[in-house]
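The values are calculated or read from the model by the stated rules, or taken from the named source; none is laboratory data. Fair warning: this is a prediction, and the values are worked out from it, not measured in the lab. Cβ: placed from backbone, ideal geometry, glycine included. Neighbour counts: every protein chain shown. Calculation scope for accessible area: heavy atoms of the full protein, side chains included, ligands and nucleic acids excluded. Shrake-Rupley method; radii C 1.70, N 1.55, O 1.52, S 1.80 Å.
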Amino acid sequence: ADESDLKLLENPIIDDDSRVLEAAITGLATLRLDAATRLLERLFLSVNEAHLPAVAKALAGCGDEGQSFLRKALQSEDVMLRRSAVIGLAQTGARDALKHVVQEDEQWIVRSAAVAALSELEKKDAVQGAAAPPSIEQLPWLISWAAEQGEGVGTDEAARATLRRALQE
């Protein structure tokens, strides 16, 4: 994982097989090198439209430099570059940039990508905000009930058996 490894990824970047190209994109992103980020930036400007989202997601994982590049790409004349930049910025949770796109971009395909990204971020927040239910052995009412019976709740199958007995009674 140093700059000498970039040479290994240059040929796959020009490979005709899309799986090889996507693997090279992923490889570049994992290097975490400035030179790899710059190579991804050049690739973003020249790659086939079908691979733009993958490059944008890779750039999103390249820290501030990659994210800054994606923000600048939102100003591009190319609709597909802007749309892909939205996809990449969604990976970083850049709500400010996404909201700006929703309000300001003239192309519906770019705006709709930003709306979808914001919606997904809100769903993730809702899921993360909800606490997971406690496990059976941690249910306060079951612990109290078991204590009144002079027993413990137990774990795993024993806790399930205690729960069934409490519910039956």
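Below, the figures for the structure above:
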| read-out | value |
| --- | --- |
| Enumeration of residues in segment 49-65 that are open to solvent by 20 Å² or more (accessible area, probe 1.4 Å) and assigned to a helix (DSSP H, G or I) | GLU49, ALA50, HIS51, PRO53, ALA54, LYS57, GLY63, ASP64, GLU65 |
| Scan of segment 83-99 for residues that are part of a helix (DSSP H, G or I) and in contact (Cβ under 8 Å) with a residue 24 or more places away in the chain, ordered by number | ARG83, SER84, ALA85, VAL86, ILE87, GLY88, LEU89, ALA90, GLN91, THR92, ARG95, ALA97 |
| Boolean, SER68 is more than 24 Å from the chain's Cα centre (by Cα), of a type in the set (Ser, Thr, Tyr) and either closer than 30 Å to ALA35 by Cβ or exposed (fewer than 14 other Cβ atoms within 10 Å of the Cβ) (or both) | no |
| Residue selected from segment 22-48 under the condition over 11 Å from CYS62 (Cβ atoms) and among the charged types (D, E, K, R), by the criterion surrounded by the fewest Cβ atoms within 10 Å (Cβ to Cβ) | ARG42 |
| Matching residues, segment 146-155, being open to solvent by 40 Å² or more (accessible area, probe 1.4 Å) and part of a helix (DSSP H, G or I) | ALA147, GLU148 |
| Every pair of residues 6+ apart whose Cβ atoms lie under 7 Å, when the first sits in segment 112-139 and is under 30 Å from VAL153 (Cβ atoms) while the second is at pLDDT 75 or above and buried (at least 16 other Cβ atoms within 10 Å of the Cβ) | ILE136/LEU142; ILE136/ALA159; ILE136/LEU163; GLU137/VAL153; GLU137/ALA159 |
